[in-house]
Every structure is written in C-alpha cells, then in structure tokens.
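Notes follow once the structure below has been shown.
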Amino acid sequence: MEKILKSVEPYVMSVATIDLGKLSNNYRKVQSELAPGTVVGGVVKANSYGFGAVPISKQLYEEGCRHFFVASVDEGLEVREVLKDDAEIFLLAGILKGCEQICLENKLTPVLNSMYEVDLWIDFSKKIGRKIKAAIQVDTGMVRNGLSKNDVEKHYQRILDNIDISFVMSHLACADIVGHYKNEQQLRRFKEILSFFGNSVKASLSATNGIFLGSDYQFDIVRPGKALYGFSIREDKIGTFEPVMDIYARIMQLNEIPQGETIGYGATYTAERTMRTATIGMGYADGFMRKFAGFGHAFIGGKRVPIVGRISMDYMVIDVTDIEDDSCLQIGKWAALTQSPDYTLEKWALEMDTLPHEVACRFGRRVKKVYIG
C-alpha cells in the first residue's frame, strides 16, 4: 500500500483505495448464499455507493453479473456506456413523463413504482405499437415506493396485458433486524400480491440483509449493494464480507502547541498537555462531516491517534504527541483513516453512529479513487 500511495500525484490531499479483487470475492460470497436458480443483481446506484459506478460495473460484469440497479436515468446512461447489450439496467426511481424514449433507446428498464408510471409506460407502449419491458415495484410495508395491494388487485390484468414484466419487486424495511416481525409480514404480503400476476412472473424481494433471512426471501433475483462493497450492517454478519475501500489523508502541517492552547473553530478543544499535532488534508468538503469531530481518529504508523477540535472544510487535526517514530511524521506523508481488516470503514462508521455507505457516498471529487486488485 505504501508503494501505491507513493505513486499518487503530489497535489492530491486524500485518497480512497478500492480493491476490485475484494469486490469480486464479495460477489462470489453472495452467490454462495443463494438458493439454486437465484441470481445476483448488482446495485450500482449513487455512483456505486461512492465507489465509482463505471469501474465497479465493469468488474461485476466480468464476474458474470447481468442485472444492474441504478436510481435514475443519468446513472443508467453512465453505466450503459461501459456494459454490453446483454446487461440489463434497471431504474429504481422509475420514470417521469418525457423519459420514455431515452429509456427505450438506451435499453434502460424502468421500475414502475406507481400507477402514474404504469399509465405512462402503457401509453408509450401503445404509441410504439408493442409491449416493452419494465419491472413492477409493490409496497409491502416500506411505504416509500410501489403499487399498493389495492392498485394491483384493480389493475393487474391491464398490467399483464400491456407490459412485458421483467419481475415484480418489493423492499424490506427491517431486514437488518433479526427476528423483526416486519420481515415475515412483508414476505406474506409480497406473496399475496405476487399471486395476482401468476406463477410465471419472476420476483425480487431482498437486498443485502434480506438474503440472510433465508431462501424464502431470495426468490429469483437478489439486489445486494452493501455486501458487494464490504458492508453488512447486521451485527451478527459484520466481517462476512471483505472491506473494499480504505481512506488516507496527507499530512499538510505539523505543530507544537503548549498546554492550554485551543484547536480549531470555536476553540472547542483545549490542550491538556504540551502537544504535537498534524493537520491532514480531509474535511467536510471531502465528505468527512463536522459531526464526526470529537470521537473520530486516524492511524499513523499503525498507531491509533485521536482527531481533535472541529473538522473544517479542507482539514482536520490529529493528536500525534505519542508517535515516537518521526519518520512517519513528515509533510506529504499519509495518515490512514481506516486500517483494514482490523479497522474498516464499516467499523469506523458504526462507531460514529452512521452507515458506512452514507460515509462512502459523501466522498467528494477531491478524494482520489485508486483502483487496485
């Protein structure tokens, strides 16, 4: 890793290393958990959770993935440019009026989340004179997107007659909470709604954590996102997947400060002893939110050191008083904010009472992505 970081341009202040080999291992791990006949669809929305939609999608395709899930048309167009025609790309956010033609031309399959979208797609199919593909999302208790059971009961025949249904899907609200009553409730509701469409229509219910609820929840297609990137969220599954990303920030300045001096905006931190600090090149403009101040940390030479004072737009300050190896404390060298496999992005985020993919999604364009593996 030291060799990789040495190759980074000297003007880059922060780096995310992304191991595509570990991504592949996680994809295979998900496959090993599936019942026969169930396939993996990779969720690459939100720029692949901040990991980079283009390289991630290409790697998943090389592993045999042929179903990809993005949120919007623009995300779908980006992924379509690098995938062959046999890759199916599904738009989880559905469509709005005026998007129909661009979806058709670029082989982007909308997930229809409401009767408004169903009507748009049927009207468009009639305009071009043939049935066209779409997935149908139904609401089983998330109360976010999807047709209600009442919608399906009233309109299922018109949907079957006018839409080439790729699959019917829903989304679990509490799959990360083992034993939550909502999981069985949603499974039961999903099966009830599926019965209107008949046995030949494919189905998809589970994202990452739903997969581990058992084969009853897997159906024809599962939609892992977090698992591919090394996250699980469920406490009993942490460590199941290999961490894919590590974060580094460059040392920009070193300071010696006396006892009683304050650090950062608002003077929220006061030195209780004579201290040595390092200012590193990552701040809230890069996605490391201000609320993380006061309990985050970094690693210098493998030793854990605390972040002190408020996080500013471009910088944060770490206490390096106890670092004895001066060779680690030089301007331009790197501090690690994660240290996989012992201290992963997931463990870091959970300590700060947030989600690892919320952290990864926030990393800005100044955080250079370096792909390895």
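The values are calculated or read from the model by the stated rules, or taken from the named source; none is laboratory data. Quantities reported herein were computed from a predicted structural model and do not represent experimental measurements. Here the Cβ positions follow ideal geometry from the backbone for every residue, glycine too, while neighbour counts run over all protein chains shown. Heavy atoms of the whole protein, side chains included, go into the accessibility calculation; ligands, DNA and RNA do not. Shrake-Rupley method; radii C 1.70, N 1.55, O 1.52, S 1.80 Å.
Hand me the list of strands (runs of 3 or more DSSP E) wholly inside the range 1-86 holding 3 or more residues that are farther than 22 Å from F219 by Cβ.
Details: elements: 14-19, 39-43, 67-70.
Ranges flagged: 14-19.
Here is a yes/no grid of residues against (1) closer than 27 Å to N209 by Cα; (2) touching a residue at least 60 places away in the same chain (Cβ under 8 Å); (3) in a loop (DSSP other than H, G, I, E, B); (4) out of contact with any Pro (no Cβ under 7 Å at 6 or more places or on another chain):
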{"residue": "G294", "(1), (2), (3), (4)": "no, no, yes, yes"}
{"residue": "A298", "(1), (2), (3), (4)": "no, no, no, yes"}
{"residue": "D322", "(1), (2), (3), (4)": "no, no, yes, yes"}
{"residue": "I331", "(1), (2), (3), (4)": "no, yes, yes, yes"}
{"residue": "V359", "(1), (2), (3), (4)": "yes, yes, no, yes"}
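Kindly indicate which of A271, A249 is more than 34 Å from the chain's Cα centre (by Cα), over 29 Å from L92 (Cα atoms) and open to solvent by less than 10 Å² (accessible area, probe 1.4 Å). Before you say what the answer is, go through the steps one by one.
Values: A249 fails: more than 34 Å from the chain's Cα centre (by Cα).
Every option except A271 fails the conditions.
Conditions tested, residue by residue: (1) within 18 Å of L108 (Cα to Cα); (2) open to solvent by 10 Å² or more (accessible area, probe 1.4 Å); (3) not polar (S, T, N, Q).
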site: V39; (1), (2), (3): no, yes, yes
site: F51; (1), (2), (3): no, no, yes
site: V54; (1), (2), (3): yes, yes, yes
site: E63; (1), (2), (3): no, yes, yes
site: V70; (1), (2), (3): yes, no, yes
site: E78; (1), (2), (3): yes, yes, yes
site: V82; (1), (2), (3): yes, yes, yes
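Between R290, R365, R304, which is modelled with pLDDT under 90, open to solvent by 20 Å² or more (accessible area, probe 1.4 Å) and among the charged types (D, E, K, R)?
Values: R365 fails: modelled with pLDDT under 90; R304 fails: modelled with pLDDT under 90.
The match here is R290.
Every residue in the range 268-292 that is outside any loop (DSSP other than H, G, I, E, B), of a type in the set (S, T, Y) and touching a residue at least 24 places away in the same chain (Cβ under 8 Å), please. Don't jump to the end; show me each part of the working.
We begin by selecting, within the range 268-292, every residue outside any loop (DSSP other than H, G, I, E, B); these are 269-270, 275-280, 284-286, 290-292.
Filter once more, so that each one left must be of a type in the set (S, T, Y): 269-270, 277, 279, 284.
Across the range 268-292, the qualifying residues are Y269, T277, T279, Y284.
Return yes when I128 is within 29 Å of K58 (Cα to Cα) and surrounded by fewer than 17 Cβ atoms within 10 Å (Cβ to Cβ) and no when it is not. First the steps, then the outcome.
Details: within 29 Å of K58 (Cα to Cα): no; surrounded by fewer than 17 Cβ atoms within 10 Å (Cβ to Cβ): yes.
It is false that I128 is within 29 Å of K58 (Cα to Cα) and surrounded by fewer than 17 Cβ atoms within 10 Å (Cβ to Cβ).
Among the numbered criteria (1) within 30 Å of F241 (Cβ to Cβ); (2) open to solvent by 10 Å² or more (accessible area, probe 1.4 Å), which one does I331 miss?
Going through the list (1) within 30 Å of F241 (Cβ to Cβ); (2) open to solvent by 10 Å² or more (accessible area, probe 1.4 Å), I331 breaks only (1).
Being surrounded by 15 or more Cβ atoms within 10 Å (Cβ to Cβ) and either of a type in the set (D, E, K, R) or at pLDDT 95 or above (or both) is the filter here; which residues of the range 347-357 pass it?
The answer is K347, and nothing else.
Taking I102, is it under 23 Å from V70 (Cα atoms), assigned to a helix (DSSP H, G or I), among the β-branched types (V, I, T) and open to solvent by 20 Å² or more (accessible area, probe 1.4 Å)?
yes
Of the residues in the range 226-245, how many are open to solvent by 20 Å² or more (accessible area, probe 1.4 Å) and either closer than 25 Å to G281 by Cα or of a type in the set (V, I, T) (or both)? Can you show your working first?
Let us first name the residues in the range 226-245 that are open to solvent by 20 Å² or more (accessible area, probe 1.4 Å), namely 226, 233, 235-240, 242-243.
Subset that is either closer than 25 Å to G281 by Cα or of a type in the set (V, I, T) (or both): 233, 238, 240, 243.
Residues meeting the conditions: 4.
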